[in-house]
Amino acid sequence: MTDRIEDNPEIKPFQFLVSEENLENIMHRVAHFPWHEMPDDGGWDYGTNFDYLKELCAYWVNEFDWSAQEARINSFSNFKAKVDGIDMHFIFEKGSGKNPTPLLISHGWPGSVSEFYDLIEPLAHPERFGGNVEDAFTVIVPSLPGFGFSGRPPRPYGPRKMASVLNTLMTDTLGYDKYLAQGGDWGGAICSWLGYDHAKACTGIHINVLTMRHPDGPQTSEEKAWEAQFDNDQIMQNGYRTQQATRPQTLSYAMVDSPVGLAAWLIEKFHDWADVKTGCIESAFSKDELLTNIMIYITTRTFNSASWIYYGRREEGGRILSEEGHRVEVPTGCAVFPAEMLNWPPRSYAERIYNIQHWTEMPRGGHFAAMEEPQMLLNDIRKFAQTLRNKNSTNTSKKLEKHL
C-alpha cells in the first residue's frame, strides 16, 4: 500500500492567498453593517444573538489577524488534483513509522477543513505527543466538492455522490488499496456511503454522528421514544435545512453579498449545536476559530455550492441507507457525544444500519467534536483502529494455524 503524492504529476501543491483588495472589501462591509436597522431583542431564541454578533464583528474588524490564520492554513501540506472532473483540495500529512494507516477525514456543513487542524499532527505523529508510533495515520483531509478550497461540482452532489469522488481520490489519485474513513455531520453520511458502496477499499468507518435511517423504522419502545424526541428536537432546526434542500440559490444571493449575514447564518449553528450553555459559545470555540471558518466560506465564495449538498441528498433519496434493509457491513466505530444535535438512536437501532464493532458514549461534547473535544475524538479513532488491527492480527494467526 503506497501513496502517489510525490510521483503523480496531476497532484499539485496548493497555497491559499487572499488579496489585500478582497480583504479590504470584506472588512469595509463588516465595518459598515447597518446595526441600527436590526432589533436587538430575543436573546438567542430568534437566531444569532445581536449583541454577540456585534461584538464578534468588532473583533473581526479591529483585532482578527487573517494573515496569521492564512499562514496556519498554508503550514499544512495542501494539494489539489482533478478528481472525477472536480478540482479537489486536500491536506496530506504522511504518518510516522513504517506503515501508517491511511485515514480519510471528512467535514460537513457549516464546517470546513479548519475543524481538524488540531487533530492532523497528533493523528499522523502520535510519538510527538506522548503516544506510540504504531498508532500513526497518514491523514488526508479534503475540502468537500463545492466547499472551501475545492472546485464546485457541475450540479448539486449529495453525500453518496461525494463518497464516490472521495473514494476515487483515495484509490486512483493517491493509490491506496485500503483505507479507513472518519467523519461527523455530512462526513458521517459520506463515511456511511463509503462503507456501503466502496467496501473493497474502505475497510472501516468511524463516525461521530448518525444521519442514516433504516426503512423499517424504530422497533422497540426505546427506539420509538428516540424517534419522537428526535422529531420534536428538530422542529426548530429544520428551517435552514429545508431552505438549502429546496431553494439554495435564492439564499445565496444575500450570503455572497453580506459577510455579516453569512457569519450570522453559520454562528447560529455553532452556538446551537455545540455542548454549551445558551450564550456561552466561546466556551467551545474561540473568536479566531469561528472567524477562520467563516472567512474560508467568504473568501472562496463557496456558500452557494456548499449548501448544494442538502439539495443533492434530497435528490438521492434522503436519509434511508437501503430500501431493502441492507446495512454497512464494514466494521464501524461510533463516538457518541451526548449533546449531538442529531440525537443518537439506541444502539439496537444503529446496529440494524451498521456492523458496529466499537461504541463509546462520551461524557460531554456536541456536534463539532473535532473542535469541542479533539482529544476525546482522537483517542476514540485510535482505539477503533487498534481494534481493527488486533482483529486482523487474530484472524491472520488463525489462518496460519489452520494452514500449518
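Derivation of every value follows stated rules applied to the coordinates shown; laboratory data play no part. These figures come from a predicted structure and were not determined experimentally. Ideal geometry is used to build each Cβ from the backbone, glycine not excepted, and the neighbour counts take in all protein chains shown.
Numbers below:
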item: Whichever lysines have a C-alpha closer than 30 Å to that of LYS80, once near sequence neighbours (fewer than 8 apart) are set aside; result: LYS12, LYS94, LYS98, LYS161, LYS178, LYS200, LYS269, LYS287
item: Angle between the chain longest axis and helix 259-273 axis [Cα atoms, degrees, rounded to 10]; result: 50 degrees
item: Test item: Cα-centred dipole of the chain, Lys/Arg +1 and Asp/Glu -1 on Cβ, debye; result: 1540 debye
item: Ratio of Rg to Rh over segment 204-346 (Cα coordinates, Kirkwood Rh, two decimals); result: 0.99
item: Compactness of the chain, expressed as Rg and Dmax over alpha-carbon positions, Å; result: 21.1, 81
item: Gaussian network model of the chain, springs between alpha carbon atoms under 10 Å - residue of THR250, THR138, THR168 with greatest fluctuation; result: THR250
item: The chain: relative contact order as a whole-number percent, Cα under 8 Å and 6+ apart; result: 18 percent
item: Sequence-separation-based contact order of segment 109-171, relative, with Cα cut under 8 Å and 6+ spacing, percent; result: 22 percent
item: Between helix 221-233 and the chain: long-axis angle, C-alpha atoms, 0 to 90°, nearest 10; result: 20 degrees
item: Restricting segment 1-110 to chymotrypsin sites (Phe, Trp or Tyr not before Pro) in coil, as DSSP defines it, with at most 11 other Cβ within 10 Å; result: TYR46
item: By average C-beta atoms within 10 angstrom, highest first, the peptides 17-27, 275-285; result: 275-285, 17-27
item: With Cα atoms, 0 to 90° folded angle of helix 186-197 axis to the chain main axis; result: 30 degrees
item: Restricting segment 23-103 to trypsin sites (Lys or Arg not before Pro) in coil, as DSSP defines it, with at most 10 other Cβ within 10 Å; result: LYS98
